[in-house]
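Okay, structure first, notes after.
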Amino acid sequence: MKKYYEFKPLNVGRWLIWSLFALLLAVMPLMFKSGLATTVLSQMGIAVIACLSYNMLLGQGGMLSFGHAVYTGLGSFMAIHALNSISGGWPLPVSLVPLVGGVAGVGFAILFGYVTTRKSGTTFAMITLGLGELVFALSLMIPEFFGGEGGVSGNRVTGSAWAGITFGPPIQVYYLIAVYTFFAVAAMYAFTRTPLGRMLNAVRDNPERVEFVGYNTRKIRYIAFILAGFFAGISGGLGALNFEIVTAEVVGAGRSGAYLLFTFLGGATFFFGPIIGGILMVLAFVLLSEFTKAWLLYLGLIFMFMVMYAPGGVASLVMMNLRLAAYGKLRQIWVSYLALGVTGLVLLAGASAMVEMVYHLQLDSAVGSQLRFLGATLDVKGLNSWFGAGFVLLTGLGLFELTRRQFLREWGEIQEEIEKEIKRQEAL
């Protein structure tokens, strides 16, 4: 009998991962019940969507953009105006306000992308930088829309409540963000499995060959740019609902730089890399900034370290160790990992002590010459504190370098063993 239907086997692993992801989004507020935790988790969901939308350009399309905040920011402004229109009687559910931001992101991406995607490479990056600066300048020149320096504020507790959901309590806003995060992440992953997503990767890797086989590389970049603008606008709309205020800072170069920085740190070459990057971005901006005034300096040092030693980001380190575990080689190198971690912490302690003393001397010297650091009292005017911090720094640096070289030797030997194992299996 002729088969008219063919059922593909169920991918249990993929369904399990997505189920665990949904479960994690649902139970996280139950695990961390404080108000700060709910706020941080909400911001993480917003940042994850923004970083993934940026990675549609950078990681999947090879388009280095310095102005992605234009689309998240303008989406935020359109969403906050839509929220205020609901207060004025506009019949739109508050839960759909982020979609207004997404539609706005699409509109501005169609407008600006028509110009930017006509070029590629460095020219594309410079055009996006110029557009970003242009929009930021306009945000201060058109107070009727952007609200001037004070921005535009709104009230999310408006319109008619559905099933008692008013979006007043932060937990309700979190679950709305979680729903949007899940479906946005799923949609962006689905895009990577489509022919268009595959062709976008080809444009990134070899645009000349793509043109040779008959595809328009500019059109492919343009469509991807529009889709990225949609998800960026959703992220901005969720941010407007979460904070209930939008200022010119959301379209600034600093925000665009943050998307680039943390997408790279998370790992632009892997789909889950920007998810890690979005989480790291919130931890840096919300938590790290509370611990030290030098957090931006630490962030820059971490970025330099990752560029030098792990250019694939955190995701590449995760995949590297999963590969080692798959071949049973991870146990051969765990001692080197431990040594790298210990010597790295010694190096970090010495460098951090120096940095904190410099910042205290420059910014907080009026409150005294002493400061507490990792349980120790340091005197910025005492030679002993500076000598001790320098000694720890140099000792950690020397030990870390020796350990790193030993690690690289062991790593090379393990890679050779894995290659031999692969060849042996292929021969069978």
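The values are calculated or read from the model by the stated rules, or taken from the named source; none is laboratory data. All values reported here derive from a predicted model rather than from experimental measurement. As a convention, Cβ positions derive from the backbone with ideal geometry for all residues, glycine included, and neighbour counts pool all protein chains shown.
Points to keep in mind about this one:
- Out of Leu299, Leu283, Leu288, one residue alone is assigned by TED's automatic domain parsing to the domain that holds Tyr54 and closer than 28 Å to Phe167 by Cβ. It is Leu283.
- Options Ala186, Ala202: the member that is hydrophobic (A, V, I, L, M, F, W, C), over 22 Å from Phe112 (Cα atoms) and over 17 Å from the mean Cα position of the chain (by Cα): Ala202
Matching residues to (1) surrounded by fewer than 17 Cβ atoms within 10 Å (Cβ to Cβ); (2) at pLDDT 85 or above:
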site	(1), (2)
Val355	no, yes
Asp364	yes, no
Ser369	yes, no
Gly375	yes, no
Leu383	yes, yes
Gly388	yes, yes
Phe400	no, yes
Arg405	yes, yes
Arg409	yes, yes
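- Number of residues in the stretch 121-152 that are touching a Phe, Trp or Tyr at 6+ places or on another chain (Cβ under 9 Å) and hydroxyl-bearing (Ser, Thr, Tyr) equals 2.
- Condition met for Pro207 (farther than 24 Å from Ala82 by Cα, crowded, with 16+ Cβ neighbours inside 10 Å and over 17 Å from the mean Cα position of the chain (by Cα)): yes
- Residue match in the stretch 383-402 (condition: touching a Phe, Trp or Tyr at 6+ places or on another chain (Cβ under 7 Å) and within 30 Å of Val335 (Cβ to Cβ)): no
- Top-ranked residue of the stretch 111-134 - restricted to ones that are more than 16 Å from Ala228 (Cα to Cα) and assigned to a loop (DSSP other than H, G, I, E, B), ranked as nearest to the chain's Cα centre (by Cα): Ser120
- Scanning the stretch 254-274 for residues that are more than 13 Å from Gly59 (Cα to Cα) and surrounded by fewer than 24 Cβ atoms within 10 Å (Cβ to Cβ) returns Gly254, Arg255, Gly257, Ala258.
- Test: residue in the stretch 383-398 that is under 30 Å from Tyr259 (Cβ atoms) and within 31 Å of the chain's Cα centre (by Cα): no
- Checklist (1) in the same structural domain as Leu402 (by TED's automatic domain parsing); (2) of a type outside the set (Phe, Trp, Tyr); (3) at pLDDT 85 or above; (4) not in a helix (DSSP H, G or I) applied to Gly341, failing item: (4)
- Considering residues of the stretch 16-37 that are in contact (Cβ under 8 Å) with a residue 60 or more places away in the chain and of a type outside the set (A, V, I, L, M, F, W, C) only, the residue nearest to Phe182 (Cα to Cα): Pro29
- Residue within the stretch 228-245 that is in contact with a helix residue (DSSP H, G or I) (Cβ under 6 Å, 6 or more places away or on another chain), buried (at least 17 other Cβ atoms within 10 Å of the Cβ) and more than 30 Å from Thr158 (Cα to Cα) present: no
- Listed conditions (1) farther than 30 Å from Val70 by Cα; (2) within 15 Å of the chain's Cα centre (by Cα); (3) among the β-branched types (Val, Ile, Thr) are all met by Val358, apart from (2).
- Residue selected from the stretch 146-162 under the condition in a helix (DSSP H, G or I) and surrounded by 14 or more Cβ atoms within 10 Å (Cβ to Cβ), by the criterion modelled with the highest pLDDT: Phe146
- Criterion applied to Tyr215, Tyr189, Tyr180, Tyr175 was being surrounded by 21 or more Cβ atoms within 10 Å (Cβ to Cβ) and either aromatic (Phe, Trp, Tyr) or free of Cβ contacts under 8 Å to residues at least 12 places away in the same chain (or both), and the one residue passing it is Tyr180.
- Residues in the stretch 371-420 that are free of Cβ contacts under 8 Å to residues at least 12 places away in the same chain, of a type in the set (Lys, Arg) and either closer than 18 Å to Ala349 by Cα or assigned to a loop (DSSP other than H, G, I, E, B) (or both): Arg372 only.
- When the residues of the stretch 334-343 are filtered to those that are out of contact with any Leu (no Cβ under 7 Å at 6 or more places or on another chain) and of a type outside the set (Gly, Ala, Ser), the one that is surrounded by the most Cβ atoms within 10 Å (Cβ to Cβ) is Leu340.
- When the helices (runs of 4 or more DSSP H) confined to the stretch 188-278 are screened for residues that are assigned by TED's automatic domain parsing to the domain that holds Met126 and under 22 Å from Ser76 (Cα atoms), those reaching at least 3 such residues are found at 217-243, 253-266.
- So Ala294, is it crowded, with 24+ Cβ neighbours inside 10 Å and in contact (Cβ under 8 Å) with a residue 60 or more places away in the chain: no
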